[in-house]
1. Please report, in debye to the nearest 20, how large the charge dipole of the range A:3-111 is about its Cα centre when each Lys and Arg carries +1 at its beta carbon and each Asp and Glu carries -1 there.
2. Order by neighbour count: B:Asp62, A:Asp81, fewest other Cβ atoms within 10 Å first, most last.
3. ³J(HN,Hα) across the range A:26-43 via Karplus (A = 6.51, B = -1.76, C = 1.60, θ = phi - 60°), whole Hz, x for Gly/Pro?
4. Among the GluC sites (Glu not before Pro) within the range B:30-111, which fall in a DSSP loop and have no more than 13 other Cβ atoms within 10 Å of their own Cβ?
5. Placing +1 on the Cβ of each Lys and Arg and -1 on the Cβ of each Asp and Glu in the protein assembly as shown, which of A:Ser28, B:Cys23, A:Gln56 has its Cα farthest towards the positive end of the resulting dipole?
6. Please rank A:Tyr97, A:Tyr32, fewest neighbouring Cβ atoms within 10 Å first, as an exposure proxy.
7. Just tell me how shielded B:85-91 is by partners: mean number of partner chain Cβ atoms within 10 Å of each residue's Cβ, no decimals.
8. Might you report the magnitude of the Cβ-based charge dipole of the protein assembly as shown about its Cα centre, with Lys and Arg at +1 and Asp and Glu at -1, to the nearest 20 debye?
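Each reported figure results from applying straightforward, stated rules to the coordinates on display, with no laboratory input. Quick caveat: nothing in here was measured; it's all calculated off a predicted structure. Positions of Cβ are generated from backbone atoms using ideal geometry, with glycine treated the same way; all protein chains shown enter the neighbour counts.
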Amino acid sequence: AQTVTQSQPEMSVQEAETVTLSCTYDTSENNYYLFWYKQPPSRQMILVIRQEAYKQQNATENRFSVNFQKAAKSFSLKISDSQLGDTAMYFCAFIPYTGTASKLTFGTGTRLQVTL
Amino acid sequence: AAGVIQSPRHLIKEKRETATLKCYPIPRHDTVYWYQQGPGQDPQFLISFYEKMQSDKGSIPDRFSAQQFSDYHSELNMSSLELGDSALYFCASSYRGYEQYFGPGTRLTVT
């Protein structure tokens, strides 16, 4: 079984600043994917970024980037130039690579507040 | 781009009633997942279907059942509703079990 841990229940950052959200996971799988999902007040679940475990290069999507440390089982999300629209709950999620229909295992989330 | 469609978006039912939630996956996606998210909680996996066959089952009550139809849409049927079933129900879809895209959710309130 997999577990995902997000140790920061809440974080706050000022607009235009950079913030890093932490995530650690535990698994015996060698092939898997990691994701960050954003859930704004609308409650929509939005895929922010993904990382394949077999790739050493850290994924980036515009202002969002990850620091993936496979040996340490760590997967942090860095948001640069924070914007008010980044205010949301952020969930780290794990999925083993089985080719079909694997469930996502989520962490408990980090609530990020971007302030003026 | 087309997204996952869920209907209805909001549903109010009384205890012991039945509810049916519908999900229309992104075109060409072959896998559908159902998740339940209670207030202040992370989404919990209920059940998934790959190519119209049940693929995996999570903490889904026996009162709930689901299926995927020939056009790949899926329905989650919930009977004998309890107050604790009040939650946001997400459907997600993927192609070959890779990244999952979520619908807007159905907010179920049981009174």
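1. 260
2. B:Asp62, A:Asp81
3. 9, 7, 9, 6, 9, 10, 6, 10, 10, 9, 10, 10, 10, 10, x, x, 5, 6
4. Of the GluC sites (Glu not before Pro), the ones in loops of the range B:30-111 whose Cβ has at most 13 other Cβ atoms within 10 Å are B:Glu51, B:Glu82.
5. With unit charges placed on the Cβ atoms, the residue in question is B:Cys23.
6. Starting with the residue having the fewest Cβ neighbours, the order is A:Tyr97, A:Tyr32.
7. That average works out to 1.
8. 160
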